[in-house]
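The structure appears below as structure tokens.
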Ligand SMILES: Nc1ncnc2c1ncn2[C@@H]1O[C@H](COP(=O)(O)OP(=O)(O)OP(=O)(O)O)[C@@H](O)[C@H]1O
Ligand SMILES: [Mg+2]
């Protein structure tokens, strides 16, 4: 499966989600490729850190830009069971190219008005790409929601998202947890990091299952 993690805005957690899914999928399937299309190549940096520290399994990754994102995915899709693309934080040739070749596009959003304002543009990018890519299914996942259960932002966001026909909201809500940052510093997925944060592991596992199963 080709899974794109994209968006229109900096910082909602694309790289966090792309790297976690890549490590988890590699552990399950082996032949997984992470493509970093961001010119600030954070995913690639995470991969080299992982390699330097000898974290296993090794996550295969490449960097591709502009048209090469689309052509490379078309060439490599038969060689890997899954390709995960970290598409960077804005409307770019990389994001548009990846939308044309992916099966699922996941857009992480924080429960903030500023992130919600990007939904109209995301929906129109998805609509345009769908005219060419019939397989494309697009989803929003809420990330960095408050870990305080009394704060109902994630639920409020869910009702707002009902308006966007082409964007399905995933059931998983990922909350603001220090272990997502700490595990990244070690080139790890949160599922690999010790001491284990069971809530973070449960959230990322739930996202993984929603996407891959
Ligand atoms: N659920 C979370 N809990 C705590 N910290 C998080 C969470 N998700 C992401 N972060 C942190 O927020 C920051 C931004 O996340 P990340 O780099 O994954 O976003 P991005 O969308 O890839 O950003 P960019 O647009 O710059 O590529 C990072 O420091 C990351 O560790
Ligand atoms: Mg990033």
**OP:** Read through the list (1) in contact (Cβ under 8 Å) with a residue 40 or more places away in the chain; (2) loosely packed, with under 14 Cβ neighbours inside 10 Å; (3) farther than 22 Å from residue 200 by Cα, then give the number of the only condition that residue 156 fails.
**Re:** (3)
Original post:
How many residues does the range 167-181 hold that are surrounded by fewer than 18 Cβ atoms within 10 Å (Cβ to Cβ) and within 16 Å of ligand 2 (Cβ to nearest atom)?
Top reply: 1
Original post:
Residues in the range 154-173: is at least one part of a strand (DSSP E or B) and out of contact with any helix residue (DSSP H, G or I) (no Cβ under 7 Å at 6 or more places or on another chain)?
Top reply: yes
Subject >> Within the range 184-206, tally of residues that are without any contact (Cβ under 8 Å) to a residue 12 or more places away in the chain and buried (at least 21 other Cβ atoms within 10 Å of the Cβ) >> reply: 0
Subject >> Residue list for the range 86-125, filter: buried (at least 16 other Cβ atoms within 10 Å of the Cβ), within 12 Å of ligand 1 (Cβ to nearest atom) and farther than 18 Å from residue 168 by Cα >> reply: 86, 87, 88, 89, 92, 94, 95
Original post:
Of all residues in the range 126-148 being in a helix (DSSP H, G or I) and farther than 18 Å from residue 17 by Cβ, which is nearest to ligand 1 (Cβ to nearest atom)?
Top reply: 129
Subject >> Residue within the range 43-55 that is surrounded by 15 or more Cβ atoms within 10 Å (Cβ to Cβ) and either away from ligand 1 (no atom under 16 Å from the Cβ) or modelled with pLDDT under 95 (or both) present >> reply: yes
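The values are calculated or read from the model by the stated rules, or taken from the named source; none is laboratory data. Computed from a prediction, not measured in an experiment: that's the story for all the values here. Neighbour counts run over all protein chains shown; Cβ positions are idealised from the backbone, glycine included.
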